């Protein structure tokens, strides 16, 4: 009886092996490769920094002084963009010594006037002259977004920031110091 | 008794021998020779309008935007002698962290504006399938299948064939990498005559890089190769392909 069962088992194994061969249907697979999606880049590079400081031991500037800062802005990426800037992160220090008489009331950021030019062409920021005095001051510029137009992939431009301290500024600005960032933003266009 | 039995047996043999001689009437024999069993074939051939089905989707300098699209298609032939039951398609993404969208000049992390320089972020989920169709030529054979399409009512996909794996409402390259499209009708067996330019099925797909309305800087300069696997299966119960998945390659080979 035991031998008979063993024989049946052997037969069963052999049949299942045959079956496995029978059930292995045909198939064929091919591929389409070399399909690529490659991302472009939008990479803003800015070079240039400037300071002005009326505080003791600072730059020694006063009413009527002026200067220019040249800042190079490059789109080092492969995607065209639109460039904006804003003057932001103001850190103001009131430093007029108590020994100054009259002490004056002017604030350095109210009497520092800014003009901008891009590649030698004036940037119109007159809309930011909220007090209508014909000048755009640092106060009026604070956190305002200024559109500088297109900056195409691979190109660079020079922004000139010109500043002038009102010649009629009073003693209130003596020893004052203001520090701020000019933040550039490049958005894909 | 035993000798009697032996006698009958001997007689029997003698009679049989005699009968054999007697019954040998005319006869003729022919042979059906050269019979053989030859396996049929199931031979998949992929082409485009060009001989190769490679490089059908080529999207360079990609960035988020509704206008950033790429359309490609593959023609599927059965050059074998056996009709297939169905076609399966799977998608494999092989992606690279790179700085300039060009891996032929080396794989380098970057650029500085890439906010994820150790990967590709969610990029495969941000490339949607804008349209996908499966059709057969001649056009009077099986009906075309609009697997993904957009109409005035919005974005649609055929859930009999496709699954929105991550549930974001779109079929993206990520979704495709996690599934196999199966049950597609097969082109006829052309028995060595493929590609004949006439009897094939076509898989068409248009991709779009989604504008997610938030910064997508985490894949700046990165590259993905899309490998499309196509299989012919003989039997309805066959499952030939597996999901291709996403593999990310980092600089340094890690």
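The values are calculated or read from the model by the stated rules, or taken from the named source; none is laboratory data. Treat the numbers as computed from the prediction; the structure is a model and nothing was measured. Glycine also receives a Cβ, built like all others from the backbone with ideal geometry; neighbour counts cover every protein chain displayed.
Among residues belonging to the range B:41-63 that are more than 7 Å from every other protein chain (Cβ to nearest Cβ) and part of a loop (DSSP other than H, G, I, E, B), point out the one that is farthest from residue B:95 (Cα to Cα). Per the criteria, the residue is B:41. Picking from residues in the range B:201-219 that are touching a strand residue (DSSP E or B) at 6+ places or on another chain (Cβ under 6 Å) and crowded, with 20+ Cβ neighbours inside 10 Å, the one that is nearest to residue B:115 (Cα to Cα) is B:219.
Restricting the range B:225-245 to residues that are part of a strand (DSSP E or B) and either more than 13 Å from chain A (Cβ to nearest Cβ) or crowded, with 19+ Cβ neighbours inside 10 Å (or both), the residue that is nearest to the chain's Cα centre (by Cα) is B:230. Do we have any residue at all in the range A:21-41 that's at pLDDT below 55 and more than 58 Å from the chain's Cα centre (by Cα)? Looking through the range A:21-41, at least one residue is at pLDDT below 55 and more than 58 Å from the chain's Cα centre (by Cα). Scanning the range A:111-141 for residues that are exposed (fewer than 14 other Cβ atoms within 10 Å of the Cβ) and touching a helix residue (DSSP H, G or I) at 6+ places or on another chain (Cβ under 9 Å) yields A:130, A:131, A:134. Against the definition (within 27 Å of residue A:26 (Cβ to Cβ) and surrounded by fewer than 18 Cβ atoms within 10 Å (Cβ to Cβ)), how does residue B:85 come out, yes or no? Answer is no for this residue. Looking across the range A:58-69 at every residue that is closer than 13 Å to residue A:165 by Cα and not in a loop (DSSP other than H, G, I, E, B), the one that is farthest from the other protein chains (Cβ to nearest Cβ) is identified as A:66. The set of residues from the range B:64-73 being within 18 Å of the chain's Cα centre (by Cα) and either more than 9 Å from chain A (Cβ to nearest Cβ) or within 30 Å of residue B:38 (Cβ to Cβ) (or both) comprises just one member, B:73.
Scanning the range B:97-113 for residues that are more than 9 Å from chain A (Cβ to nearest Cβ) and outside any loop (DSSP other than H, G, I, E, B), we see that the one that is farthest from residue A:45 (Cα to Cα) is B:104.
Take residue B:116 and decide whether it is farther than 27 Å from residue B:46 by Cα and part of a loop (DSSP other than H, G, I, E, B). Considered against the rule, which asks whether it is farther than 27 Å from residue B:46 by Cα and part of a loop (DSSP other than H, G, I, E, B), residue B:116 comes out as yes. Filtering B:29, B:47, B:41 for residues that are farther than 30 Å from residue B:208 by Cβ and at pLDDT 85 or above leaves a single hit, B:41.
Condition first: closer than 30 Å to residue B:104 by Cβ, modelled with pLDDT of 95 or more and within 13 Å of another protein chain (Cβ to nearest Cβ). Can you find one or more residues in the range B:178-193 that meet it? No, that holds for no residue.
Of all residues in the range B:112-121, which are over 17 Å from residue A:37 (Cα atoms) and either at pLDDT below 95 or in contact with a helix residue (DSSP H, G or I) (Cβ under 6 Å, 6 or more places away or on another chain) (or both)? Result: B:112, B:113, B:115, B:116. Of all the criteria given as (1) surrounded by fewer than 17 Cβ atoms within 10 Å (Cβ to Cβ); (2) within 27 Å of residue A:171 (Cβ to Cβ); (3) free of Cβ contacts under 8 Å to residues at least 24 places away in the same chain, the one not satisfied by residue A:100 is (3).
Would you be able to say whether some residue in the range A:70-90 is more than 9 Å from chain B (Cβ to nearest Cβ), at pLDDT below 85 and crowded, with 16+ Cβ neighbours inside 10 Å? No, the conditions are met nowhere in the range A:70-90. Do we have any residue at all in the range A:143-153 that's in contact with a strand residue (DSSP E or B) (Cβ under 8 Å, 6 or more places away or on another chain), farther than 26 Å from residue A:41 by Cα and surrounded by fewer than 18 Cβ atoms within 10 Å (Cβ to Cβ)? Scanning the range A:143-153 turns up at least one residue that is in contact with a strand residue (DSSP E or B) (Cβ under 8 Å, 6 or more places away or on another chain), farther than 26 Å from residue A:41 by Cα and surrounded by fewer than 18 Cβ atoms within 10 Å (Cβ to Cβ).
Each residue in the range B:195-224 was checked for being in a loop (DSSP other than H, G, I, E, B) and away from chain A (no Cβ under 12 Å), and 9 of them qualify.
Filtering the range B:124-136 for residues that are at pLDDT 95 or above, under 18 Å from residue A:42 (Cα atoms) and either within 14 Å of chain A (Cβ to nearest Cβ) or crowded, with 17+ Cβ neighbours inside 10 Å (or both) leaves a non-empty set.
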